[in-house]
Amino acid sequence: IANPTGALSEVTTTNNVSVVSTIVVQDLGGCSADSFEQDDSFGTAKSITVGAPAQSHNHCEDYEDWLAFSAVSGESYAIRVTRSGLSEAWAEVYAADGTTLLAGNGYNETTAVDWQASADGTYYIKVGSYAGRIGAGRDYAVQVQPKLPDLVQTLTLPSSGGTVIAGGFLN
C-alpha cells in the first residue's frame, strides 16, 4: 500500500493498493538431494553394481557420499568419477571395515582409481568434495568397471619396406 494514511495529496488514490501475487523463489543452481541420500557414511552406503552404467550423484546436501560394491579376490577394478560443472569430486576406496584406505587420494583429487581386490567381499568408495563447497554445480557420476587389459594393435613393417600395390595385402 502506497501512502496508506493519505499524508500526501494525490490525483488518483485507486492505484495505491497492489494485487496480491504469488512469488516463487527459485534456486538458480537447481541443486537438490540425489536419490542416493542418505549416503554420508560407509554404514549408509548405497550399492553400485560393477559393470553398470555410471550413476549420477551430487554434493548438494553434504560433501561426502559413500557407495558399496562387491569385489572378487584377484580381480581388478576401474573406479571413475566424472565431474560436471564446478564439481571437485574425488574418490577413495576403503576396506570392508570402512576405515582402512586402500586406494585413491582426496587431497590429490583422484578421479580415476585402478585397484585389485585382495579378498572377496564388500568394499567402499568415498566420493568427496571440499567442505564449504557444496550446493549448486556439484554434480558428478561414478562408475565401477572390471579393469580389463588395454589391447593394442601395432603394425610392424618388414625391414625391406612396406610398399604394397593398392588393393593388395601387407603381411
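Once the Cβ-Cβ distance of Asn105 and Thr49 is raised to the sixth power relative to R0 = 25 Å, the FRET efficiency obtained is 0.50.
For Ser84 and Ala166, compute 0.36 nm times the residue count separating them, minus their Cα-Cα distance, and round to one decimal in nm. Could the numbers behind the result be given before it?
Details: separation 82, 0.36 × 82 = 29.52 nm, distance 4.71 nm.
24.8 nm is the gain from fully extending Ser84 to Ala166.
Note that segment 78-123 presents 51 Å² accessible area per residue, ligands and nucleic acids not counted, probe 1.4 Å.
The values are calculated or read from the model by the stated rules, or taken from the named source; none is laboratory data. Here the structure is a predicted model, which is why all the values come from computation and not from measurement. Ideal geometry is used to build each Cβ from the backbone, glycine not excepted, and the neighbour counts take in all protein chains shown. For accessibility, only protein heavy atoms count, side chains too; no ligands or nucleic acids. Shrake-Rupley method; radii C 1.70, N 1.55, O 1.52, S 1.80 Å.
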